[in-house]
Every structure is written in structure tokens, then in C-alpha cells.
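Trainee: Pasting a structure here, questions to come.
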Amino acid sequence: MKLLIVGDTVDPQLYDHFRRDRFPKSIDAILSVGDLPPWYLSYLMSVFNAPLYYVRGNHDDNYSINPPEGGDDIHGKVVSFKGLTIIGFEGSMFYHHPTAVQYTEWQMRRTWSRMRWRFLLGRKIDIVLTHAPPFGIHDAEDQCHKGFLTFSRIIHKHKPRYFIHGHTHLNYGLKQNRIDIVNDTTVINGYGFHILEIDSPSLE
């Protein structure tokens with residue numbers, strides 16, 4: 001199964017200089033980590049003929065009136081796709097911006113508390129899709145780009161197969177890798193785009 005991860009910037013390879021033959025014949029789903037214009041996500045769904053699962057970034061306040069047409073907002077939800085269990089969290093750490101999609105640590109922990117009962121009996125999480133990174137992993141020191149401790153705890157307690165985030169751009173000069181392994185979880189920064197090839201549990 002091939003998943004197209006996108007986030008934070010309209011990548012020229014997917015728009016201005018797009019060539020379909022540079023990408024896999026089949027993209028099973030598109031995962032957006034946020035801070036992308038709705039028209040771009042609708043365009044990607046059309047080009048790849050694939051469903052979209054997304055979370056809003058801190059700059060995506062306009063989605064409330066103009067969401068990506070046909071996409072599935074998974075903030076605070078547990079969804080299944082071809083045997084994969086995916087959960088989502090939107091927004092960034094609260095930083096006093098009047099229109100930003102932002103949360104305090106307490107608010108994010110409360111969002112998770114409404115979902116975690118689904119995993120109390122050992123159900124596995126395949127993908128955590130977020131905008132902000134986990135605390136101490138791919139994050140920065142300023143308040144806006146600080147990661148959530150709630151996310152780090154999910155990684156250490158539930159060991160999801162993948163944790164996919166955006167927000168800390170790879171061109172920020174933070175000397176971070178796109179991909180790191182933390183406690184058996186593959187943490188991926190979805191800045192620009194990345195193609196993830198993953199086995200479906202339903203096929204194992």
C-alpha cells in the first residue's frame with residue numbers, strides 16, 4: 001500500500017512541475033498534516049484518484065468555511081482504512097494568535113482521553129496523523145513549534161507503527177531528519193511530500 005503524505009507547502013513537484021509518471025501508478029490514500037490550501041488537497045485527490053485524510057494545521061482556520069472538498073477531517077477520531085487504524089490531532093501548541101488552530105497541552109490531552117478507551121484492550125495504532133510534532137522529537141524551542149507531551153506519551157505507551165507530523169519545516173535549519181525511529185515508532189516529518197509504503201494488516 002502506498003500513501004502520499006503532504007504538508008506545509010505546495011510542492012512544485014506535485015503542482016507546477018507535476019508529472020504523473022514520476023509517481024507510483026497507484027496511490028491508495030493521501031494524508032495531509034496541515035497548513036495547505038483546500039484547493040491543493042482537492043486537486044491531489046483528483047490527480048491521484050485517492051481518498052484524503054487530513055488534520056488542520058495552525059494556519060488552516062479557513063477550513064471551517066472552505067474545507068477540502070471530499071476529504072475526511074480526522075481530528076479527534078479513530079478511523080479504519082484498508083485494515084489500518086489511524087488517529088488524528090490538528091493544530092499546534094497554543095501561542096496567543098487570534099485565529100490560529102491551537103491547543104494547550106491540557107486541551108490536547110483531553111482530546112486524546114476521549115479516544116484512548118478504544119485502545120485499552122491492546123488494539124494497535126498503525127498511524128498517528130498530527131500537525132504538531134511530539135515533545136522532544138522533531139520540535140523546536142519556541143512556543144509555537146514546541147511539541148505536545150501527549151504525543152510523546154502515545155509513542156512510548158502505545159508504540160504506533162508510524163507517527164506522521166508537519167509544522168517544523170525541513171527548511172527551518174533545525175538539522176532534523178525527515179525520518180527517525182523512536183521506541184519502535186517511525187516518526188516522519190511530512191513537510192512537502194513523502195511517499196510511505198506500508199503493509200496493510202488485513203493482508204498479513
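The values are calculated or read from the model by the stated rules, or taken from the named source; none is laboratory data. In this text the structure is predicted, and so the values were computed from the model without any measurement. Every residue, glycine as well, gets a Cβ built from its backbone with ideal geometry; the counts of neighbours run over all protein chains shown.
Trainee: Report, by residue number, each residue of region 1-26 that is in a loop (DSSP other than H, G, I, E, B), surrounded by 14 or more Cβ atoms within 10 Å (Cβ to Cβ) and touching a residue at least 60 places away in the same chain (Cβ under 8 Å).
Mentor: Met1, Asp8, Thr9, Asp11, Phe23
Trainee: When you go through (1) farther than 27 Å from Gln143 by Cβ; (2) surrounded by fewer than 17 Cβ atoms within 10 Å (Cβ to Cβ); (3) under 15 Å from the mean Cα position of the chain (by Cα) one by one for Val47, which number turns out not to apply?
Mentor: Exception for Val47: condition (3).
Trainee: Within region 161-188, which residues are touching a residue at least 60 places away in the same chain (Cβ under 8 Å) and crowded, with 21+ Cβ neighbours inside 10 Å?
Mentor: Ile164, His165, Gly166, His167, Ile188
Trainee: Of everything in region 98-115, what is out of contact with any helix residue (DSSP H, G or I) (no Cβ under 8 Å at 6 or more places or on another chain), more than 22 Å from Asn62 (Cβ to Cβ) and surrounded by 14 or more Cβ atoms within 10 Å (Cβ to Cβ)? Give them in sequence order.
Mentor: Scanning region 98-115 gives a single hit, Met115.
Trainee: In region 38-64, what residues are without any contact (Cβ under 8 Å) to a residue 40 or more places away in the chain, assigned to a loop (DSSP other than H, G, I, E, B) and either acidic (Asp, Glu) or farther than 26 Å from Met115 by Cα (or both)?
Mentor: Of everything in region 38-64, just one residue is without any contact (Cβ under 8 Å) to a residue 40 or more places away in the chain, assigned to a loop (DSSP other than H, G, I, E, B) and either acidic (Asp, Glu) or farther than 26 Å from Met115 by Cα (or both), namely Asn49.
Trainee: For the structure I just gave you, tell me whether Ala132 is in contact (Cβ under 8 Å) with a residue 12 or more places away in the chain, surrounded by 13 or more Cβ atoms within 10 Å (Cβ to Cβ) and more than 17 Å from the chain's Cα centre (by Cα).
Mentor: no
Trainee: Of these, Phe94, Phe81, which one is among the aromatic types (Phe, Trp, Tyr), over 22 Å from Glu197 (Cα atoms) and at pLDDT 95 or above?
Mentor: Phe94
Trainee: Still on this model: Can you pull out every residue in region 182-204 that is of a type in the set (Val, Ile, Thr) and modelled with pLDDT under 95?
Mentor: Answer for region 182-204, where residues must be of a type in the set (Val, Ile, Thr) and modelled with pLDDT under 95: just Ile198.
Trainee: Give me a count of the residues in region 27-37 that are aliphatic (A, V, I, L, M), within 15 Å of the chain's Cα centre (by Cα) and in a loop (DSSP other than H, G, I, E, B).
Mentor: The total comes to 2.
Trainee: Also, I was wondering about something else. Quick one: which of Pro133, Pro98 is of a type outside the set (S, T, N, Q) and more than 21 Å from Gly7 (Cα to Cα)?
Mentor: Pro98
Trainee: Could you please let me know if Asn58 is at pLDDT below 95 and either surrounded by fewer than 22 Cβ atoms within 10 Å (Cβ to Cβ) or on the phi < 0 side of the Ramachandran plot (or both)?
Mentor: No.
Trainee: Would you pick out the residues in region 147-159 that are surrounded by 19 or more Cβ atoms within 10 Å (Cβ to Cβ) and touching a residue at least 40 places away in the same chain (Cβ under 8 Å)?
Mentor: Within region 147-159, Gly147, Phe148, Thr150, Phe151, Ile154 qualify.
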